[in-house]
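Asks: There's a structure below that I have some questions on.
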Amino acid sequence: MSRCTLGALPGPRGRLAWGRQNEEYCADFILVSRRALEPELLRVFRFHFLLAADWRLCCEWLHVDRGYFFHLVYALEQKLGRAFRETEPYALYPVDEYFGGVRVEETPASTARLPVAGGLRPPVKRVA
């Protein structure tokens, strides 16, 4: 178990809350994985990633050959990567945003400065 930490809650009020962020992240990681994966891919996830079994042992447990096992691993990584990135309201990836890191606000398109062609200054008109 990790220590309880005091962290700021997102929002305009600036409230603080106590929590175990590492355990909360692990729980969210596993719950999102359960929701996103089919039973066959979930078994591969449990054996290979959570229990840290190598591919030989996983192939033996799952009764599959090596090529099909790695096909399942690649499909699993693709599905979970998308699920972790698209989880709302706080995505699990990138990790620094999940733990309340600094977020860079994008400027709206209407107020963004457009670069001037040819450099920083507009071309000077010469009078002949």
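The values are calculated or read from the model by the stated rules, or taken from the named source; none is laboratory data. Predicted model, so just to flag it, every value in this text is computed and none were measured. Cβ sites come from the backbone with ideal geometry, for glycine too, and all protein chains shown count toward neighbours. Side chains included, ligands, DNA and RNA excluded: accessible areas come from the protein's heavy atoms. Shrake-Rupley method; radii C 1.70, N 1.55, O 1.52, S 1.80 Å.
Asks: For Leu6, what charge total do you get from the other residues with a beta carbon under 15 Å from its beta carbon, if Lys and Arg give +1 and Asp and Glu give -1?
Replies: +2
Asks: Please list, by residue number, every one of the trypsin sites (Lys or Arg not before Pro) in the stretch 1-99 that is coil in DSSP and has at most 10 other beta-carbon atoms within 10 Å.
Replies: Counting only loop positions with at most 10 other Cβ atoms within 10 Å, the trypsin sites (Lys or Arg not before Pro) in the stretch 1-99 are Arg3, Arg13, Arg15.
Asks: Cα atoms only: what Rg and Dmax, in Å, come out for the stretch 1-80?
Replies: 17.5, 55
Asks: Using 0.36 nm per residue of separation minus the Cα-Cα distance, give me the extension gain between Tyr90 and Cys26 in nm, one decimal.
Replies: Here the segment from Tyr90 to Cys26 would lengthen by 21.6 nm.
Asks: Whenever you get a sec, line up Tyr98, Tyr93 from highest to lowest accessible area (probe 1.4 Å, protein heavy atoms).
Replies: Tyr93, Tyr98
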